[in-house]
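Working notes, structure below.
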Amino acid sequence: MKNLLSAKDLTREFAIQILDTAAEMSEVNDREVKKLPTLRGKTVVNLFFEDSTRTRTSFEVAAKRLSADVINFSAKGSSVSKGESLKDTAQTLEAMGADAIVVRHSASGAAQKLAQSGWIKSSIVNAGDGTHEHPTQALLDAYTLRHELFENPLGQGLDGVKVAIVGDIAHSRVARSNLALLKTLGAQVWLIGPATLVPTALAKQADGFFYSFDEAIEAVKFDAVMMLRVQTERMTASFFPSEREYSRIWGLNFERLQRLPDDVVVMHPGPMNRGLEIDAKCADSANSVILKQVANGVSVRMAVLYHLLSGGND
Ligand code: CP
């Protein structure tokens, strides 16, 4: 595999292979010297046209732990402000010797465009394109679930695991990539949120959907709840009456957490709007794996770079 553009491109077999490789990378990350020579001589470019804390830094850490050189590009402060295009920006950075370009862009389809246009030869990793996809987030979420739920996760999918994806589904690339990958790995997925934020086309791909979080909690014994950020920056209309109302009906609060199974896994891709889609008591509870998701992101991104750039190629 040369590029990672969409979670839909991952077969079950290859996704499990990446998760198993990530488990090996995680052992490296636990060592005193957290470094492998695997990508020595390779260059990874982080090409970020949208803000990021977790994804950009974890790709940087991942590439450096595999001994690759890293070029970090942020559109802010670059010649993009002078009108330079995606094509010219990518070609300029590739001319400096890139082997892989990790791209985040506000336009859905930007990573596909780069990969399929013939503008550049490097491997492309989609680090989030508009509301479309965020495949490495789905991989790190699957990795986290596998390690939280199974004693012997290696070689396993997520067969029979019941996952609720809750909140602003409509604007969420995390939801789209997770729905695709979780289904590929055998999980059952429910979408929960206001009717205005649960697109019918996505609901049809899920095992079910609810417009009430409380009804969902009554109906299904969830193994995990994945709370989504309310993406007000992408909203061009009013999708719910007020933040207070949203938090009351669709937010994860401690009272709701107590009605979920005792060992339910609480996830959030970050960044969180504490007090809106999740309250602080839940985000910081013993059920929360939110910081483990971040830590696992490094191992998973090491595995992805390894498979795309080295002999791990499929
Ligand atoms: N989850 C995620 O993509 O976070 P960042 O926007 O901080 O990269």
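The values are calculated or read from the model by the stated rules, or taken from the named source; none is laboratory data. Given the structure is predicted, the values throughout are model-derived calculations rather than measurements. We place every Cβ from the backbone using ideal geometry, glycine too, and count neighbours over all the protein chains shown. Please note that ligands, DNA and RNA were not included when accessible areas were found on the heavy atoms of the full protein model with its side chains. Shrake-Rupley method; radii C 1.70, N 1.55, O 1.52, S 1.80 Å.
Pick out, from Thr92, Ala23, Ala62, the residue whose Cα sits farthest towards the positive end of the charge dipole of segment 1-107, with +1 on the Cβ of Lys and Arg and -1 on the Cβ of Asp and Glu.
Thr92
Excluding residues on the same chain fewer than 8 positions from Lys82, give the aspartates and glutamates whose Cα lies under 17 Å from its Cα.
Glu50
In segment 57-102, if every C-alpha pair distance is counted and binned at 5 Å from zero, what percent goes to each bin?
Final binned percentages: 5, 19, 28, 21, 17, 8, 2.
Once the mean 1/r over all distinct Cα pairs of segment 21-72 is inverted, what Kirkwood radius in angstroms do you read off?
Numbers: mean 1/r = 0.0857 Å⁻¹.
With all distinct Cα pairs of segment 21-72 included, I get 11.7 Å.
Please report the equivalent ellipsoid semi-axes of segment 56-132, computed as sqrt(5 x eigenvalue) of the Cα gyration tensor, largest first, in whole Å.
Taking √(5λ) for each Cα gyration eigenvalue gives 19, 15, 14 Å.
Tell me, in nm to one decimal, what length is gained between Ser212 and Arg244 on full extension, where the rule is 0.36 nm per residue of separation less the Cα-Cα distance?
Numbers: separation 32, 0.36 × 32 = 11.52 nm, distance 1.54 nm.
Extra length from Ser212 to Arg244 when fully extended: 10.0 nm.
Let me check the size of segment 119-257 from its C-alpha atoms; what are the radius of gyration and Dmax in Å?
For segment 119-257, the Cα-based Rg and Dmax read 15.6, 53 Å.
In whole Å, what is the distance between the alpha-carbon centres of segment 242-257 and segment 6-78?
The two parts, judged by their Cα centres, are 35 Å apart.
Tell me, what are the semi-axes, in whole angstrom and largest first, of the equivalent ellipsoid of segment 1-154 as set by the roots of 5 times the Cα gyration tensor eigenvalues?
Three semi-axes, in Å: 27, 18, 14.
For segment 29-78, with only Lys/Arg (+1) and Asp/Glu (-1) charged at the beta-carbon, what is the dipole magnitude about the Cα centre, in debye rounded to 20? Don't skip to the end; give the middle numbers.
Values: 10 positive and 6 negative charges, 39 e Å.
Magnitude of the dipole: close to 180 debye.
On average, how much accessible surface per residue is there in segment 35-130, in Å², for a 1.4 Å probe, leaving out ligands, DNA and RNA? Before the final figure, lay out the partial values.
Working: 4180 Å² over 96 residues.
Normalised by residue count, the accessible surface of segment 35-130 is 44 Å².
Please report, in debye to the nearest 20, how large the charge dipole of the chain is about its Cα centre when each Lys and Arg carries +1 at its beta carbon and each Asp and Glu carries -1 there.
Numbers: 35 positive and 37 negative charges, 164 e Å.
My answer is approximately 780 debye.
Rounded to the nearest 500 deg cm²/dmol, what is the calculated helix-only ellipticity per residue at 222 nm for the chain, with -39500 (n - 2.57) per DSSP H run of length n ≥ 4?
On the way: 12 runs with 124 residues, N = 314.
Using -39500 (n - 2.57) per qualifying helix, the result is -11500 deg cm²/dmol.
Is segment 95-199 best put as rounded, prolate or oblate by its Cα gyration tensor, with a ≥ b ≥ c the root eigenvalues, rounded for a/c under 1.5, and otherwise prolate when a/b is larger than b/c, oblate when not?
Numbers: a/c = 3.09, a/b = 1.42, b/c = 2.17.
Oblate is the answer for segment 95-199, as a/c is 1.5 or above yet b/c matches or exceeds a/b.
Structure shown: which of Lys113/Lys162; Lys35/Lys183; Lys87/Lys204; Lys2/Lys76; Lys2/Lys87 lie over 30 Å apart, alpha-carbon to alpha-carbon?
Numbers: Lys113/Lys162 34 Å; Lys35/Lys183 33 Å; Lys87/Lys204 36 Å; Lys2/Lys76 28 Å; Lys2/Lys87 19 Å.
Beyond 30 Å: Lys113/Lys162; Lys35/Lys183; Lys87/Lys204.
Restricted to Cα positions, what overall size does segment 234-282 have along the principal axes? Three whole-Å values, descending.
Sorted largest first, the three principal extents are 38, 21, 15 Å.
Label-point separation (nm) for Lys281 and Lys8, each offset 7 Å from Cα along Cα-to-Cβ?
4.2
For the chain, give the percent of accessible area contributed by carbon and sulfur heavy atoms, probe 1.4 Å, rounded to a whole number.
Details: 6370 of 13210 Å².
Reported share for carbon and sulfur atoms: 48 percent.
Among Trp190, Gln156, Leu139, flag the residue with its Cα farthest along the positive direction of the charge dipole of segment 120-272, charges on Cβ as +1 for Lys/Arg and -1 for Asp/Glu.
So the residue furthest toward the plus end is Leu139.
Over all Cα pairs of the chain, how is the pair count split among 20 Å bins, expressed in % and running from 0 up to the last occupied bin?
Computed distribution, short to long bins: 34, 57, 9.
Note the per residue figure in Å³ for the convex hull of the C-alpha positions in segment 1-42. Working shown, then result.
Details: hull volume 3.7 nm³, N = 42.
Residue-normalised Cα hull volume stands at 88 Å³.
Using alpha carbons only, how many angstrom separate the centre of segment 117-136 from the centre of segment 262-314?
20
Treating only the Cβ atoms of Lys and Arg (+1) and Asp and Glu (-1) as charged, compute the dipole magnitude of segment 1-96 about its Cα centre; round to the nearest 20 debye. Kindly include the intermediate steps, with their values, before the conclusion.
On the way: 15 positive and 14 negative charges, 31 e Å.
Dipole about the Cα centre, nearest 20: 140 debye.
Please state the relative contact order of the chain as a whole percent: Cα pairs under 8 Å, 6+ residues apart?
21
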